[in-house]
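Visitor: Just passing along the structure, written as structure tokens.
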Amino acid sequence: MEKICIYPGSFDPITNGHMDIIDRSSKIFDKIIVAVLMNASKTPMFSVEERMDLIRKSTEHLPNVEVDSFKGLLVHYLEEKNVNIVIRGLRAVSDFEHEFSMAALNAHMYPKIETILMMTRTENSFLSSSFIKDIARNKGDIKDFVPSQIVSDITKKIQEERFSGK
Ligand code: ADP
């Protein structure tokens, strides 16, 4: 039987930190589904479709990575996909509390779930999508922080934002 895991998140946009988690889990699992959450409570920079495209572009070299999106509860999505392993990344201690509560609540709702927390590599521990957006909006160089295939997509989006007065 294929060993499949789901890596859920906002990915607004995907960063080298996310990529590290995807790279490493793609070596452990037969298939990894990177699932973009359609979260109405956040105002994203990229639409769900755009975020999925950026992930596809960044993971072209990994044949066992699939990109998808979901709405609502992760546990319902897991049930629908018939998958029970979830991968999440851990940066600092500050991530732990949130990830721990989420894993516990999900396990209560869906006892079959196994949440695996993968520790970030030190060099990525400071990386977050929101820092990258801040740097890019303030004309900083983001090339060391995101996959090279998507740098121009991010700068283009910032220019569009400026043009539309956002
Ligand atoms: P969410 O809104 O669900 O936290 P994110 O896209 O911010 O979505 O993060 C998705 C997952 O990736 C989370 O588990 C988060 O901890 C992890 N992650 C984010 N940045 C990094 C990083 N630099 N290194 C390792 N894991 C990361």
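No value in this document is a laboratory result; all are computed from the given coordinates. Note that this is a predicted model, so its numbers are computed, not measured. No Cβ is skipped: glycine too gets one built from the backbone with ideal geometry, and neighbour counts run over all protein chains shown.
Visitor: Please report the net charge: other residues with Cβ closer than 15 Å to the Cβ of K42, K and R +1, D and E -1. Please list the in-between numbers first.
Guide: Working: positive: R51, K71, K133; negative: D12, E50.
Its environment carries a net charge of +1.
Visitor: When the Cα atoms of segment 30-106 are enclosed in a convex hull and the volume is divided per residue, what value in Å³ results? Walk me through the intermediate numbers first.
Guide: Details: hull volume 9.8 nm³, N = 77.
Measuring per residue, one finds 127 Å³ for the Cα hull of segment 30-106.
Visitor: How would segment 1-131 be classified by its alpha-carbon gyration tensor: rounded, prolate or oblate, with rounded meaning a/c under 1.5 and the a/b versus b/c comparison settling the rest?
Guide: Taking the square roots of the gyration eigenvalues as a ≥ b ≥ c, segment 1-131 is rounded.
Visitor: With +1 assigned to the C-beta of every Lys and Arg and -1 to the C-beta of every Asp and Glu, and no other charges, what is the dipole magnitude of segment 80-166 about the Cα centre in debye, to the nearest 20? Write out the running numbers ahead of the final one.
Guide: Values: 13 positive and 12 negative charges, 61 e Å.
Computed charge dipole of segment 80-166: roughly 300 debye.
Visitor: Find which of T115, G140, S25 sits farthest along the positive direction of the dipole of segment 1-156, computed with +1 on the beta-carbon of Lys and Arg, -1 on that of Asp and Glu, about the Cα centre.
Guide: G140
Visitor: A further question follows. Can you give the charge dipole size of segment 27-112 about its Cα centre, rounded to the nearest 20 debye, using +1 on the beta carbon of Lys and Arg and -1 on the beta carbon of Asp and Glu?
Guide: Values: 11 positive and 12 negative charges, 19 e Å.
With Lys and Arg at +1 and Asp and Glu at -1, about 100 debye.
Visitor: Sticking with this one: Using DSSP H assignments, which helices in the chain have an axial alpha-carbon span of 24 Å or above and a mean Kyte-Doolittle hydropathy of -1.0 or higher? Before the final figure, lay out each step's value.
Guide: Working: long enough: 93-109 (25 Å, 0.05).
Length and hydropathy pass: 93-109.
Visitor: Turning to a different aspect of this structure: Take the alpha carbon atoms of segment 35-105, find their center, do the same for segment 116-143, and report the distance between the two centers in whole angstrom.
Guide: 17
Visitor: Give, rounded to the nearest 20 debye, the magnitude of the charge dipole that segment 9-166 has about its Cα centre when Lys and Arg contribute +1 at Cβ and Asp and Glu contribute -1 at Cβ. Can you show the working numbers first?
Guide: Values: 21 positive and 23 negative charges, 59 e Å.
My answer is approximately 280 debye.
Visitor: Which of the listed residues, N82, V34, C5, is farthest toward the dipole's positive end in the chain, when Lys, Arg count +1 and Asp, Glu count -1 at the beta-carbon?
Guide: Selected residue: V34.
Visitor: Still on this structure: Using only Cα atoms, what is the ratio of the radius of gyration of segment 93-166 to 2.2 N^0.38 Å?
Guide: Here the Cα radius of gyration is 1.53 times the empirical estimate.
Visitor: Take the Cβ-Cβ distance between E97 and S130 as r, set R0 to 22 Å, and report the resulting FRET efficiency rounded to the nearest 0.05. Intermediate results must be reported in sequence, preceding the final value.
Guide: Working: r = 18 Å, r/R0 = 0.82.
That gives a FRET efficiency of 0.75.
Visitor: Please give the net charge around I33, taking every other residue with its beta carbon less than 9 angstrom from that of I33, where Lys and Arg add +1 and Asp and Glu add -1. Intermediate results must be reported in sequence, preceding the final value.
Guide: Numbers: positive: K31, K81; negative: E66, D68.
The answer is 0.
Visitor: Then there's this: Any idea what the relative contact order of segment 1-121 is, in percent, if you count C-alpha pairs under 8 Å spaced at least 6 apart?
Guide: Working: 175 pairs, mean separation 35.8, N = 121.
This gives 30 percent for segment 1-121.
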